[in-house]
Amino acid sequence: MADNELGSAFQHDYITTNQVRLHYVTQGEGPLMLMLHGFPEFWYSWQHQIPVFAQDYKVVALDMRGYNDSEKPQDVSAYRMAELIKDVQGVIQGLGYDQCILVAHDWGGAIAWQFAYAHPEMLHKLIIMNLPHPAKFQEALISNPRQMLRSWYIGFFQVPMLPELMFQANDYRAISSMFSERATNKNAFSPADLEAYKNAVAKRGALTAMINYYRSNLDMLLKPKDWGVLDVPTLLLWGEDDFALGKELTYGTQDYVRDLELHYLSECSHWIQQEQPELVNQYMRTFLMS
């Protein structure tokens, strides 16, 4: 699938905020629904959600800094969580909104949790998929041996250049296999989908930028923090077959979120919104109507 065919039904645009130029895809009009993707994805991971929710919202699926067609700062420090939070704030305001529904997966979910604590007044509702509350993740990284093993790659990503070489090998086979081999639903990713992800990662500077999210935020992942109780109504969706994050990381989330709705999806891995889009969309729609 050629780059110019991706999202041909959507509008592609750019916004400059926090001194970085970000690419996004948008469809629809109305209240803002902002979508943040995970690693190693880009806006395309929301292809099954964008047209559905564009019927009622202005849906904006962002390429986060460093990814795909967004600008790729070279300094590792450019990917600190504080900068990522400023990006989200700037996008919301730059699009002319005071508030949004924030939908996020994986690394996007990590940013969304942090953004919700930093700017709760800017969120109408929060929807997170397969990324635990930061307090639960930090707890697991220091006390859950199984999760420590599952998170081995975080340490590996701290090594200079070696992760990049590993992902580049054999025409980015490690990228495509993360989707095709780790998904529970083997039909979720077409050959064209896998090519789209490989092409996005292969763009100059993208791979190092993506890994810099891990390099720049290791201390944040490991340093305990006194989290308060979040007042933003939150929907947490979790694919039970997640290969990177254990289901037990969701236990006790209600201690940190006052208004929490949690659903587990069986026979579904980490790539939840792409493996079971109809069910994900159904849970989202019901939550948004409540």
Restricting attention to region 65-72, does a residue exist that is assigned to a helix (DSSP H, G or I) and under 25 Å from Phe167 (Cα atoms)? no
Out of the residues in region 154-166 that are touching a residue at least 24 places away in the same chain (Cβ under 8 Å) and not aliphatic (A, V, I, L, M), state the one that is surrounded by the most Cβ atoms within 10 Å (Cβ to Cβ). Pro163
Conditions (1) assigned to a helix (DSSP H, G or I); (2) touching a residue at least 24 places away in the same chain (Cβ under 8 Å): number failed by Glu267: (1)
Residues being out of contact with any Asp or Glu (no Cβ under 8 Å at 6 or more places or on another chain), buried (at least 19 other Cβ atoms within 10 Å of the Cβ) and either among the polar types (S, T, N, Q) or modelled with pLDDT under 95 (or both): count how many of those fall in region 58-106. 1
Taking into account only those residues within region 231-276 that are out of contact with any Ser or Thr (no Cβ under 6 Å at 6 or more places or on another chain), of a type in the set (Gly, Ala, Ser) and within 27 Å of Ile142 (Cα to Cα), which is surrounded by the fewest Cβ atoms within 10 Å (Cβ to Cβ)? Gly252
In region 36-51, residue nearest to His105 (Cα to Cα) [restricted to those that are out of contact with any helix residue (DSSP H, G or I) (no Cβ under 6 Å at 6 or more places or on another chain) and surrounded by fewer than 20 Cβ atoms within 10 Å (Cβ to Cβ)]: Gln47
Looking at region 259-290, which of its residues are under 26 Å from Phe42 (Cβ atoms) and of a type in the set (Phe, Trp, Tyr)? Trp271, Tyr283, Phe287
Can you find even one residue in region 59-75 that is touching a helix residue (DSSP H, G or I) at 6+ places or on another chain (Cβ under 6 Å), within 24 Å of Leu131 (Cα to Cα) and of a type in the set (Asp, Glu)? yes
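Quick grid of which residues meet (1) closer than 13 Å to Met64 by Cα; (2) surrounded by fewer than 23 Cβ atoms within 10 Å (Cβ to Cβ); (3) at pLDDT 95 or above:
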{"position": "Ala2", "(1), (2), (3)": "no, yes, no"}
{"position": "Ser8", "(1), (2), (3)": "no, yes, no"}
{"position": "Tyr14", "(1), (2), (3)": "yes, yes, yes"}
{"position": "Thr17", "(1), (2), (3)": "yes, yes, yes"}
{"position": "Leu34", "(1), (2), (3)": "yes, no, yes"}
{"position": "Phe53", "(1), (2), (3)": "no, yes, yes"}
Scope region 186-202; condition in contact (Cβ under 8 Å) with a residue 12 or more places away in the chain and closer than 17 Å to Gln47 by Cα; matching residues: Ala188, Phe189, Ala192, Asp193, Leu194, Glu195, Ala196, Tyr197, Lys198, Asn199, Ala200
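Find the helices (runs of 4 or more DSSP H) located wholly in region 97-210 whose residues include 3 or more that are within 25 Å of Asp87 (Cα to Cα) and in contact with a strand residue (DSSP E or B) (Cβ under 9 Å, 6 or more places away or on another chain), and list them.
Answer list for region 97-210: 107-118.
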Output the number of the condition that Ala174 fails; it satisfies all remaining conditions of (1) modelled with pLDDT of 95 or more; (2) under 18 Å from the mean Cα position of the chain (by Cα). (2)
Before we move on, is His133 touching a residue at least 24 places away in the same chain (Cβ under 8 Å), buried (at least 24 other Cβ atoms within 10 Å of the Cβ), of a type outside the set (A, V, I, L, M, F, W, C) and more than 20 Å from Pro277 (Cα to Cα)? yes
Take Leu141 and decide whether it is touching a residue at least 24 places away in the same chain (Cβ under 8 Å), farther than 18 Å from Tyr79 by Cα and either small (Gly, Ala, Ser) or buried (at least 20 other Cβ atoms within 10 Å of the Cβ) (or both). no
Sort through Val25, Val52, Val88 and tell me the only one that's of a type in the set (A, V, I, L, M), more than 19 Å from Val232 (Cα to Cα), outside any loop (DSSP other than H, G, I, E, B) and free of Cβ contacts under 8 Å to residues at least 60 places away in the same chain. Val25
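The values are calculated or read from the model by the stated rules, or taken from the named source; none is laboratory data. Everything numeric in this text was worked out from a predicted model, so none of it was measured. All Cβ positions, even for glycine, are placed from backbone atoms using ideal geometry, and neighbour counts span all protein chains on display.
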